[in-house]
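Below is one structure; the comments refer to it alone.
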Amino acid sequence: MVRIVVLIALPLMLFAAYAENMRWKNGETFLTFLEANKMPQSLYYDLDKEDQKLTEEIITGVEYQVLFDANNSLEQVLIPVNDELQLHLMRKEGTFAFEALPIISELRRDAFVVKIENSPYIDITNATGSSRVAQSFVNGFKNSLNFRRDLRKGDPLVMIYTRKYRLGKPFTLPRLEVAMIEMRGKRHYLYLNSDERYYNEKGNEVEGFLLARPVRNARVSSGFTKRRFHPILKRYRAHLGIDYAARRGTPIMAAGSGKIIFAGYTRGYGNLTKIRHKDGYMTLYAHQKSFKRGIGRGKYVKKGQVIGYVGTTGLSTGPHLHFGLYKNGRAVNPARVVQVSTNKLKAQKLKAFKELKAELDDEIELYLEVEQQAEQVTLFENTCYVDPDTCQQIVSKEDLMDETL
Ligand SMILES: [Zn+2]
């Protein structure tokens with residue numbers, strides 16, 4: 001971060017440079033972005049496959065920063081591709097240099113107790129100022145509990161969650177660590193285990209959104225990572241999905257039921273299918289040899305239904321399925337929701353879970369005792385990754401209401 005600040009702050013001091021916050025438009029691609037800003041297209045074509053694919057991960061609506069010099073010519077650009085990695089373009093010796101840089105953010109852990117007045121959703125939103133926090137609580141219990149039937153006024157609930165902040169502003173979705181709600185004198189719990197899955201107090205996995213494996217008998221050749229440093233290339237990389245190595249022609253199945261929102265060719269992902277599911281989830285199937293006949297945009301598919309065949313189209317080095325999972329437009333680790341054979345903890349795993357549970361239970365007791373108040377999420381009006389003093393940001397009312405990027 002220090003390096004980035006210096007890089008950007010220096011020209012700011014020397015010239016009347018200025019920074020602007022922009023939003024990535026719907027339909028905008030890295031190539032159209034370069035064109036619109038009169039930057040050479042070679043900036044994209046000279047990148048290696050991995051970096052080219054990374055540019056396809058830029059999310060519509062993401063806030064990015066552009067620094068101009070005194071003559072209004074573009075000096076630097078910082079575009080986040082996820083909550084850990086950003087693309088940095090910088091003018092250098094008459095052209096532009098490209099690199100992927102880590103995003104520095106602060107992880108905060110918050111806890112609160114709420115006594116029911118209306119509903120968990122309304123009361124948590126009121127207490128925290130964040131409907132997203134409320135949503136994560138409600139989603140966690142919605143398949144196992146009936147709030148409407150069993151909740152009474154004054155019933156307590158506790159939630160502990162983490163969230164990344166950048167310059168005082170929420171930067172990621174809240175991540176529920178543990179939640180408890182008491183209904184008719186009975187307590188119900190939800191714990192995030194070290195395997196990244198949710199369990200109830202008995203160590204049984206809580207069924208939320210569960211996906212089937214999209215290919216049978218396939219080996220995972222590359223896992224999910226938001227940011228890793230490649231020791232040989234000496235560069236930052238991200239892999240926003242799971243790669244399943246399989247023979248060419250192996251059937252690919254819809255990991256969940258939903259509606260096909262894209263089935264076509266893209267440069268990076270080759271033959272690509274995207275399926276929209278409930279609760280803001282979307283799955284992505286890349287590098288396919290071909291699509292199953294009849295599979296196209298607008299069609300509804302069932303979990304397990306064949307949608308295409310494994311191949312190596314697009315920027316790919318061998319036959320495999322690149323499988324991506326997105327929640328509200330952001331890449332999440334599919335390993336968290338892809339169904340495994342067992343969803344009941346046993347032996348060593350159960351023991352480790354019980355230890356974690358005991359610690360979290362103690363915390364919950366403590367918060368209940370002190371009736372921990374929620375801290376309101378504050379959305380700053382003047383946020384800028386570059387320099388808050390010179391940042392000329394235009395913030396609309398909608399922006400303030402919307403906690404997304
Ligand atoms: Zn991949």
Hits in the stretch 66-78 (condition: out of contact with any Asp or Glu (no Cβ under 7 Å at 6 or more places or on another chain) and either modelled with pLDDT under 90 or closer than 17 Å to Lys38 by Cβ (or both)) | Ala70, Asn71, Asn72, Ser73, Leu74, Gln76, Val77
Collect the residues in the stretch 235-259 that are under 21 Å from Val220 (Cα atoms), in a strand (DSSP E or B) and more than 16 Å from the ligand (Cβ to nearest atom), keeping them in residue-number order.
-> Pro251, Met253
The residue from Phe112, Phe98 that alone is more than 16 Å from the chain's Cα centre (by Cα), in the same structural domain as Met22 (by TED's automatic domain parsing), in contact (Cβ under 8 Å) with a residue 24 or more places away in the chain and surrounded by 15 or more Cβ atoms within 10 Å (Cβ to Cβ) is Phe98
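Based on this model, can you work out whether Ile307 counts as assigned to a strand (DSSP E or B) and β-branched (Val, Ile, Thr)?
Numbers: assigned to a strand (DSSP E or B): yes; β-branched (Val, Ile, Thr): yes.
Against the criterion (assigned to a strand (DSSP E or B) and β-branched (Val, Ile, Thr)), Ile307 qualifies.
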Restricted to the stretch 298-314 and to residues being surrounded by 20 or more Cβ atoms within 10 Å (Cβ to Cβ) and closer than 23 Å to Leu54 by Cα, the residue nearest to the ligand (Cβ to nearest atom) is Gly314
Of those in the stretch 260-297 that are exposed (fewer than 15 other Cβ atoms within 10 Å of the Cβ) and small (Gly, Ala, Ser), the residue farthest from the ligand (Cβ to nearest atom) is Gly294
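Let's see how each residue does on (1) within 16 Å of the ligand (Cβ to nearest atom); (2) of a type in the set (A, V, I, L, M, F, W, C); (3) at pLDDT 90 or above; (4) out of contact with any Cys (no Cβ under 6 Å at 6 or more places or on another chain):
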position: Ala179; (1), (2), (3), (4): no, yes, yes, yes
position: Met183; (1), (2), (3), (4): no, yes, yes, yes
position: Lys186; (1), (2), (3), (4): no, no, yes, yes
position: Asp195; (1), (2), (3), (4): no, no, no, yes
position: Pro214; (1), (2), (3), (4): yes, no, yes, yes
position: Arg228; (1), (2), (3), (4): yes, no, no, yes
For the stretch 97-156, what are the residues that are farther than 30 Å from Glu56 by Cα and of a type in the set (Lys, Arg)?
-> Arg109, Lys115, Lys142, Arg148, Arg149, Arg152, Lys153
Of the residues that make up the stretch 323-344, is at least one more than 20 Å from Phe224 (Cα to Cα) and assigned to a strand (DSSP E or B)?
-> yes
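The values are calculated or read from the model by the stated rules, or taken from the named source; none is laboratory data. Treat the numbers as computed from the prediction; the structure is a model and nothing was measured. We place every Cβ from the backbone using ideal geometry, glycine too, and count neighbours over all the protein chains shown.
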